[in-house]
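Heads up: the structure comes next, in structure tokens.
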Protein chains: 2
Amino acid sequence: MKPETLENPTLKKQPVVFTPETLLEHWQGHRRVSRRVLEVFPEDKLFTYSIGGMRTYAMLTMEMIRLAVPGLQGAVTGKWANMDDLFGEKAPTPPTTKKELLELWDKSTDMINQLWTQMRPQRFQEEEAAFGMFMGTITSSLFYLIDNEIHHRGQGYVYLRSLGIEPPAFWDRN
Amino acid sequence: MKPETLENPTLKKQPVVFTPETLLEHWQGHRRVSRRVLEVFPEDKLFTYSIGGMRTYAMLTMEMIRLAVPGLQGAVTGKWANMDDLFGEKAPTPPTTKKELLELWDKSTDMINQLWTQMRPQRFQEEEAAFGMFMGTITSSLFYLIDNEIHHRGQGYVYLRSLGIEPPAFWDRN
């Protein structure tokens, strides 16, 4: 996907680094890598394996899933889900199989693409408390979600290596 | 640091997500977290400890350092260092103490700030082979450096947890 600025010479003069289109592609590229990490993770270890008392990779993946679509929904609509609804006692029961986790992942991917089409361009610079708690621009909140995914996925790489499994290439976003 | 679009109403109408200024702050914010990870890492483990045959955290940090300034120099000037010069036999000898690593880190931080002032805004959308090897826009290459840092730093969090050490807060970029 080419940045739209390349096709718009007037924009080229502006100090534009990321457009909405390149940001979506940045996120979905990372999501493709994260999906592959989930795919290669052995199912029995996914829900049980931990290093240093950390969460299982299923739990880390569920954090990514629970923040992604609700976060983007908040970014698009200004209506933010409550963190307690996402992670507290009222939160939906997480899947117990890899297959279900992958299905949830793919559903989120589609919903992100759909929601993205509804984002007003001027939203990105608006300041708002994400999930009613974390103050910043919409852009900074979206990057928080992406960076948090990279961070926890990197931890998944250590889990996989320690289990003797080769993780997917970090650089391959296709 | 406020995005400059907030002070420029004409830009507000453009689909701008990241400006050069916000990108620099994004990177330096992550670098502050990475520096704190390095700081809390026990010196004796920094150069020896590994999980699953992975590199030590000193080596992961050296990768971040070796890519950061040379990567930005390439982005600014179009003259890219050779990967072999950075990582091959001819590469400079890496530090053997945490103090030296932190000094190198801080030197890189200052150089990044200096180099950033020399970046022509239109550079971000130009397509070029980073380090003569990795084709993409300058933006995508800079994000590769940042995301690679987040990825390896996340791995450092697992090393720390497995050593019984609380890592710095991921969300605190100050």
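Quick note: the coordinates plus some simple rules give every number you see, no bench work behind them. As the structure is a computational prediction, the values presented were derived from the model and not from experiment. Glycine gets a Cβ as well: all are built from the backbone with ideal geometry, and neighbour counts include every protein chain shown.
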Item to check | Only Lys, Arg (+1) and Asp, Glu (-1) charged, at Cβ; segment A:68-124 dipole about Cα centre in debye | outcome: 240 debye
Next on the checklist: Charges on Cβ only, +1 for Lys and Arg, -1 for Asp and Glu, centred on the Cα centroid of segment A:39-83; of A:Ala75, A:Met64, A:Met54, which one is farthest towards the dipole's positive end?
Outcome noted: A:Ala75
Item to check | Charge sum, other residues only, whose C-beta stays under 14 Å from B:Asn82's C-beta, Lys/Arg counted +1 and Asp/Glu -1 | outcome: 0
Checklist entry - Which residues in segment A:15-55 place their backbone N less than 17 Å from a point set 7 Å from the Cα of B:Glu63 along the Cα-to-Cβ direction? => result A:33-34, A:37
Next on the checklist: What is the angle, in °, between the Cα long axis of helix B:138-162 and the longest principal axis of the Cα atoms in chain B? Nearest 10 is fine, range 0 to 90.
Outcome noted: 30 degrees
Next on the checklist: With only alpha-carbon pairs counted, each pair once and no self-pairs, how large is the Kirkwood hydrodynamic radius of the protein assembly as shown in angstroms?
Outcome noted: 21.1 Å
Checklist entry - What is the magnitude of the charge dipole of chain B about its Cα centre, with +1 placed on the Cβ of each Lys and Arg, -1 on the Cβ of each Asp and Glu, and no other charges, expressed in debye to the nearest 20? => result 260 debye
Checklist entry - Which far-off residues, 5 or more places away or on another chain, put their amide H under 5 Å from the one on A:Arg55, with H placed in the peptide plane? => result none
Item to check | Amide H within-cut-off set for B:Ala130, under 5 Å, with H built and near neighbours excluded | outcome: B:Met135, B:Gly136
Checklist outcome for this item: Taking N as the number of residues in chain B, the ratio of its alpha carbon radius of gyration to 2.2 N^0.38 Å works out to 1.10
Item to check | Under Karplus coefficients 6.51, -1.76 and 1.60, residue-wise ³J(HN,Hα) of segment A:35-45 in Hz, glycine/proline x | outcome: 4, 5, 4, 4, 4, 7, 6, x, 4, 5, 7
Checklist outcome for this item: Beyond 32 Å (Cα-Cα) in this structure, taken from A:Lys45/B:Lys99; A:Lys45/B:Lys45; A:Lys45/A:Lys107, we find A:Lys45/B:Lys99
Checklist outcome for this item: segment A:106-174: spread of alpha-carbon positions along the three principal axes, whole Å, largest first, is 46, 25, 20
Next on the checklist: Restricting to DSSP H runs of at least four residues, report the calculated mean residue ellipticity at 222 nm for the protein assembly as shown, -39500 (n - 2.57) per run over all residues, nearest 500 deg cm²/dmol.
Outcome noted: -18500 deg cm²/dmol
Item to check | Environment charge of B:Ala91, counting only residues whose C-beta is closer than 13 Å and scoring Lys/Arg +1, Asp/Glu -1 | outcome: -2
Checklist entry - So for A:Val158, A:Val17, fewest C-beta neighbours within 10 Å to most, what's the order? => result A:Val158, A:Val17
Item to check | Exam field: A:Glu43 pseudo-label spacings to other copies (7 Å along Cα-Cβ), nanometres | outcome: 5.0
Checklist outcome for this item: Rounded to the nearest 10, the angle in degrees between the Cα long axis of helix A:98-116 and the longest principal axis of the Cα atoms of chain A comes to 10 degrees
Next on the checklist: Taking every pair of distinct Cα atoms and averaging 1/r, then inverting, what Kirkwood hydrodynamic radius in Å comes out for segment A:24-97?
Outcome noted: 13.9 Å
Item to check | In degrees, nearest ten, helix B:57-77 long axis to first principal axis of chain B (Cα) | outcome: 20 degrees
